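Engineer: Have a look at the structure that comes next, please.
Since every read-out is calculated from the coordinates, none of them should be taken as a lab result. Values in this document were obtained by computation on a predicted structure and should not be read as measured data. A quick note on method: Cβ atoms are made from the backbone with ideal geometry, for glycine too, and the neighbour counts reach across all protein chains shown.
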Amino acid sequence: MKKLSRDIHICLISRRFQIMSRSTDMGYIWSIATGLVERGFKVTVISYSSPMNKFEIEREGVKAYFLNDLGSPFIRTSFEESVYQKFIELHKAKPFDIVHSLDASGLKIAKNRKALKIKFAFDVEATQISQIFSIIGMSQETVGGILTTFAALLYKFVSTYFKKDREILKNADAIFVNHPQQRVMLERYYLYPDFHIYSLPYGVEIGDLELREKPLELKRNLGLPEISQVALTLSDMTEMDEIINILISFEKVALKKPNAHLIIVGKGPLMNQIELEILNRVLGSRVILTGALKSQELFDYISLCDIFVTLSSRTTGLEPAQIEAMSQKKLIIGSEVSPLSNIIEDGMDGFLIRPADTESLANLIIEIFSGTLPIDEMGEKARQKVLEMFDRTKMINGISTAYSKILGVRPN
C-alpha cells in the first residue's frame, strides 16, 4: 500500500444529523467525525440541519455545514443539489480523498467521482433494501402468504433496483453495512462484490448509556397507576398492519393483565385511523398515543417502560431507541427478520418473533408481566452486550481502517 504525503481529507454527508446522545448536541455522525480527527484525518460534514440552527460550525477539528439552517445560501435549493454545489466549492478549495454518504444525498457527487478524482462510499441505508426487509417481516407462514410475499418481493426488488439502487451500487467504491443480513443480500441478490463491502456497527459513546431510574413523575402525568406494567413501541404510522398486529396482541394481554398498558410513540399519516382502531377495540383507557417526541422525552419513556416492542423491519440498520432500551435493561421483543436478530439471542437477552405472529406476542407479554421469566438477568445481559458492541473506540478504529483500505493507503 502507498502512503499519502498529506492527511486524508474526508467528507461525510447525511440528510439526518441524528440526535443519539443526552449529554451532547450532536449525534453519532459527530462522534465519528471527531474520532477520525483524533486519528489524524481531516473531516468535513455536510448535512441538512442541526439543533443549533447555524449554517457553519467548527468544533473539535471538524468543519460542518448545515444547508437548511440560518445563513445558508442553499435554503431554496433541493438538498441533493445543494450538497453537490457545496461539495464542489469545498473540493476546489481543498481536495477531498474520500466521500462517505450515509444516505442517497451524495449520488450526484458519486456519479462524477472519477472526474473529481475521489473515492466514494455509501451506507447501505442509501439503498432501498429496507423495503425488502419490511415485506419479509410482515409475511404470513401460509401457502397463500408465501406466494403473496414472493410476488411482493419480486416487484419491490425490480422496482427499487432499477429506480435508484442500481445507480448507487454502480457508482460506489464501497458500501458500509451494519450486520450480516445486509452483506449477504448485497452480495447474493444485488451481485455487489464482497470485497467492496465493509461491516461496521455504528453506535453511541459508552458514557452516554448510564443507567437511570424510572421517571415516576412521568408515570403520574400519564395517569398510570403506581403498579402499572408498561409495554412501549415506536411507529412512524405509515403501515396499518404493523400497528394492528400489536393491538390484536395487546387485546389479549389487557384481558388477563388489568395493570398492563401500551404506549405508542410516534406520529404519521395514519394516526387518526390508529386512534379509531384503539377506540373500536375498547382499549382507549389502556393504550396511550404520545405523538412525536423529542429525543430526551423518548429516553424518559424508554426508562418508564418494562417491555420495548420493536417489530418494524423498514430499516436495515439499528435504531437509537433499540440501543437505548437495551442499555437500560429493558426486555426487548424484536422481529426475527430485523437487524436485532444479529444482536439479540432469543430467550437469553431478549426475544425474537415473527411480526405477524400475534398469538406469540400476546403470550410472551403475558408471561413477562406474570413474572415467570428471569427478566432482571436478561436485562443485564442485554446491557452488557450493548456496552461491548457499541464502543466508540472500536467504531472509529474500524472506520479509519476501512477508509485506508478503500483508498489503498497505509493507515496513519
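Engineer: To the nearest 0.05, how large is the calculated FRET efficiency for Glu58 and Glu239 if R₀ is 35 Å and r is the Cβ-Cβ distance? Each step should come with its number before you reach the end.
Structural biologist: Numbers: r = 41 Å, r/R0 = 1.17.
Once the sixth-power term is evaluated, E becomes 0.30.
Engineer: Still on this structure, I have one more. What fraction, in whole percent, of alpha-carbon pairs in the range 210-389 exceed 24 Å separation?
Structural biologist: On the way: 4936 of 16110 pairs.
Pairs farther apart than 24 Å: 31 percent.
Engineer: Okay, next question. Describe numerically, in nm with one decimal, the distance between label points set 7 Å from Cα along Cα→Cβ at Lys92 and at Lys163.
Structural biologist: 3.5 nm
Engineer: Here's another thing I want to ask about it. Among Lys54/Lys164; Lys94/Lys119; Lys42/Lys385; Lys256/Lys385, which pairs are too far apart, with a Cα-Cα distance over 27 Å? Intermediate values should be presented prior to the final figure.
Structural biologist: Numbers: Lys54/Lys164 31 Å; Lys94/Lys119 15 Å; Lys42/Lys385 32 Å; Lys256/Lys385 33 Å.
Cα-Cα > 27 Å for Lys54/Lys164; Lys42/Lys385; Lys256/Lys385; rest within.
Engineer: Sticking with this one: With +1 on each Lys and Arg Cβ and -1 on each Asp and Glu Cβ, how big is the dipole of the range 210-389 about its Cα centre, in debye rounded to the nearest 20? Write down the numbers at each step before the final one.
Structural biologist: On the way: 18 positive and 27 negative charges, 87 e Å.
Magnitude of the dipole: close to 420 debye.
Engineer: Normalising by the residue count of the range 272-412, find the relative contact order in percent from Cα pairs under 8 Å and 6+ residues apart. List each step's numbers first, then the result.
Structural biologist: Details: 130 pairs, mean separation 26.1, N = 141.
It rounds to 18 percent for the range 272-412.
Engineer: Under the 0.36 nm per residue contour assumption, what length would be gained going from the current alpha-carbon distance of Met389 and Ser285 to full extension? All intermediate terms of the calculation are to be shown ahead of the outcome.
Structural biologist: Working: separation 104, 0.36 × 104 = 37.44 nm, distance 3.89 nm.
Net length gain for the segment: 33.6 nm.
Engineer: With the contact rule set at Cα under 8 Å and sequence spacing of 6 or more, what percent relative contact order holds for the range 47-108? Walk me through the numbers on the way to the answer.
Structural biologist: Details: 60 pairs, mean separation 15.8, N = 62.
Answer for the range 47-108 is 26 percent.
Engineer: Further question on the same structure: Check cross-link reach from Lys219 to the aspartates and glutamates: straight Cα distance under 16 Å, and skip same-chain residues fewer than eight apart.
Structural biologist: Glu297, Asp300, Asp306
Engineer: With a Förster radius of 30 Å, plug the Cβ-Cβ distance of Val409 and Asn342 into 1/(1 + (r/R0)^6) and report the FRET value to the nearest 0.05.
Structural biologist: Details: r = 31 Å, r/R0 = 1.02.
In this case the efficiency is close to 0.45.
Engineer: Of all DSSP beta bridges in the range 210-389, what percent run antiparallel (nearest 5)? All intermediate terms of the calculation are to be shown ahead of the outcome.
Structural biologist: Details: 1 of 22 bridges.
The answer is about 5 percent antiparallel.
Engineer: Mind listing which chymotrypsin sites (Phe, Trp or Tyr not before Pro) in the range 249-340 are in a DSSP loop and have 13 or fewer other Cβ atoms within 10 Å?
Structural biologist: On the way: sites: Phe250, Phe299, Tyr301, Phe308; in loops: none.
Filter output for the range 249-340: empty list.
Engineer: Please compute the length gained on full extension between Lys117 and Ala292, using 0.36 nm multiplied by the number of residues separating them and subtracting their Cα-Cα distance. Write down the numbers at each step before the final one.
Structural biologist: Values: separation 175, 0.36 × 175 = 63.00 nm, distance 4.27 nm.
Full extension from Lys117 to Ala292 adds 58.7 nm.
Engineer: Going by C-beta contacts inside 10 Å, put Phe87, Phe120, Phe74 in order with the fewest on the left. Could you put the intermediate results ahead of the total?
Structural biologist: Working: Phe87 23, Phe120 26, Phe74 19.
Fewest to most other Cβ atoms nearby, the residues stand as Phe74, Phe87, Phe120.
Engineer: Also, quick follow-up: Using +1 at the Cβ of each Lys and Arg and -1 at the Cβ of each Asp and Glu in the range 210-389, identify which of Val265, Ser341, Ala356 lies farthest towards the dipole's positive end.
Structural biologist: The residue sitting farthest along the positive end of the dipole is Val265.
Engineer: Put a dot 7 Å past each Cα toward the Cβ at Lys214 and Glu377; how far apart are the dots in nm?
Structural biologist: Each label point lies 7 Å from its Cα, and together they span 2.2 nm.
Engineer: When we measure straight from the Cα of Lys63, which aspartates and glutamates land under 19 angstrom away, once same-chain ones fewer than 8 places off are left out?
Structural biologist: Cross-link targets: Asp7, Asp25, Glu38, Glu89, Asp97.
Engineer: Only loop residues by DSSP count here, and only those with at most 15 other Cβ atoms within 10 Å; note down the trypsin sites (Lys or Arg not before Pro) in the range 97-129 that meet that.
Structural biologist: Answer in residue order: Lys117.
Engineer: Suppose we look only past 27 Å in the calculated P(r) of the range 284-412. What percent of the Cα-Cα pairs does that tail hold?
Structural biologist: Values: 2323 of 8256 pairs.
It works out to 28 percent of all Cα pairs.
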